[in-house]
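So the structure is just underneath, and the comments pick up after that.
FYI, it's all coordinate maths here, none of it is from the lab. Everything numeric here is computed off the predicted structure, so don't read it as measured data. All Cβ positions, glycine included, derive from the backbone under ideal geometry; neighbour counts span all protein chains shown.
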Amino acid sequence: MKKRLKLIYAILGIALITAGMPKASQAQELLNSGFDAINFDPAISNNTDYFTIYSSQNVKKHGWNTGLYIDYAHNPLELGQPVGNRVDGVIDNYIVGNFYATYGLLDWFSVGMNIPVAFWVDYVNSLGPPHGDGTGRSDTLTELGDFRLELKFRIRDNTDRLIGLAIIPFATLPTGQSEIFVGNESVTGGAKVALDFNIVDRVRVALNVGYLTRDNVTIANANIDDQLLLGLGISIKIIDLLTFIAEGHTEPVVKDLFDNEVQTPAEALGGFKIHVTDRWD
């Protein structure tokens, strides 16, 4: 246990030092770049407990988990004046595939990656350069999003306990096109803490709290900077083959915490997991 904690502290220390370094854009607003408007980020190192919320459980030593999510979004990014009154679209529709994989190095330590691919982006280039010429629609096919890497350390196993705990450091690489809002202009990174509870035999609840450090980007009246990551999920096993999942999450900009609606994206998700065989959901 002591060796495990020393390893975790060392990795988290590196992550905090990196997060504390001066940003390349700290003294200016990046009016010529964009940010990632793909809001669906699958919890890739889970053992399929939730969709985007992390539980404390991960895959076992030498175990693996891989899959694909297909995500469609309507009007994820638009212009409004005042807020809530649509003036024009920026991204009216997109279809994104998230290809993910996780491998267990130890029973309590796993590594994972996610590769988002935007199969279709219905982009309205009304913002002008560098996001277009302001003349109208520009459908884009097969754009790569930001590559995501993460580690997961299970601190407390709740297989036979009430409470479980895990820490998930992560980073994204700027492989997506920021000009059409399917990627960030630079490397981002942070960490999440996952706390989950076995309420009763078939009901689980998970709480996620995290921090994302990123470059400051201003587009129109939206100023996107470091974000607080909050999420809550519930998983109810109706029968052995069918589980209901409900989640909610928000990522407000820290410096204007909950004060600016434009800079406080939030979502609620609901769905079912059908357990087909021992290896397929």
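Remarks
- Sparse-neighbourhood loop sites, trypsin sites (Lys or Arg not before Pro) in region 242-281 - DSSP loop, at most 10 other Cβ within 10 angstrom: Arg279
- Straight Cα distances below 18 angstrom link Lys273 to the aspartates and glutamates Asp41, Asp49, Asp71, Asp201, Asp240, Glu247, Asp281, with same-chain residues fewer than 8 positions distant left out.
- Coordinate range along principal axes, alpha carbons of region 68-107, Å, largest first: 52, 18, 10
- Scanning residues 5 or more positions from Ile53 or on other chains, those with amide H under 5 Å from its amide H are Ala43, with H placed 1.01 Å from N in the peptide plane.
- Loop-located trypsin sites (Lys or Arg not before Pro) in region 156-241, at most 11 other Cβ atoms within 10 Å (DSSP): Arg161
- Extension gain, Ala222 to Leu105: 0.36 nm times the residue separation minus the Cα-Cα distance gives 38.1 nm.
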